[in-house]
Structure formats: C-alpha cells, structure tokens
Amino acid sequence: LSPRFTKDTARFKDELDIMKFICKDFWTTVFKKQIDNLRTNHQGIYVLQDNKFRLLTQMSAGKQYLEHAPKYLAFTCGLIRGGLSNLGIKSIVTAEVSSMPACKFQVMIQKM
C-alpha cells in the first residue's frame, strides 16, 4: 500500500513526516479514520493511539476479552511494520490494550 499512496506525494524530509503519513493517509485508507494521537520522544519511539480501533469495537467492552485483544492487533502491527519497511524504515511494532476498544501501538525505529 505505501508505495502506491506515496508516488504522488513529495519526499518525506524525516521519519516524523513518515509517521504522520502512516497516522493520516495510511490509517485512513485501511481503517477509514485517522489515528487519534501520535506521540514521540524524538529518539526513535512513537506511540500511535486509536481510541475506537475498528477491529476491537465488535468485541465486548467487558474485561473478559481484554486478555485476548492483543491477538487481534498482531496483524495491524505487521501492517504498520510493513508500511514503514516499504518507506525505508526498519522498526519493531508492539501493541497494548488497557481499555476496549482503545489501543496503542508502539513503534520503535531501528537505526541502520
């Protein structure tokens, strides 16, 4: 997906621009909404927060499904990692769910 969507855009000037692209354009194409929040420590770690993650909204808001929720996020972690890889960024992506259907994806950029 990434190369097809970026062919008509200007080159990204840094990794923060790439992360903004992932949060806006990429996320909108895949999940029909933008990421709700993007945070960074400016040292290669980004946290993407989605307060109503589409793949978790169908699950009960009760705590009984909370332990199983990360299994549903593994595919999305792979999507983020693959999108970044196609844009030349090697990363490790993990996910956490503290209250359904909100989730956070932590992206750790690996310097080459």
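The values are calculated or read from the model by the stated rules, or taken from the named source; none is laboratory data. Predicted model, so just to flag it, every value in this text is computed and none were measured. Cβ coordinates were reconstructed from backbone atoms using ideal geometry, including for glycine residues, and neighbour counts include every protein chain displayed. These area figures cover heavy atoms from the full protein model, side chains too; ligands, DNA and RNA do not enter into them. Shrake-Rupley method; radii C 1.70, N 1.55, O 1.52, S 1.80 Å.
To keep it simple, each residue is scored yes or no on (1) touching a residue at least 24 places away in the same chain (Cβ under 8 Å); (2) part of a loop (DSSP other than H, G, I, E, B).
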| residue | (1), (2) |
| --- | --- |
| THR29 | yes, no |
| ILE35 | no, yes |
| LEU38 | no, no |
| TYR46 | yes, no |
| GLN64 | no, no |
Check your understanding: Given (1) open to solvent by 20 Å² or more (accessible area, probe 1.4 Å); (2) in contact with a helix residue (DSSP H, G or I) (Cβ under 8 Å, 6 or more places away or on another chain); (3) touching a residue at least 60 places away in the same chain (Cβ under 8 Å); (4) not small (Gly, Ala, Ser), where does LYS111 come up short, assuming only one miss?
Key -> (2)
Check your understanding: Got a sec? Which of LEU66, LEU79, LEU48, LEU84 is open to solvent by less than 60 Å² (accessible area, probe 1.4 Å) and touching a Cys at 6+ places or on another chain (Cβ under 9 Å)?
Key -> LEU48
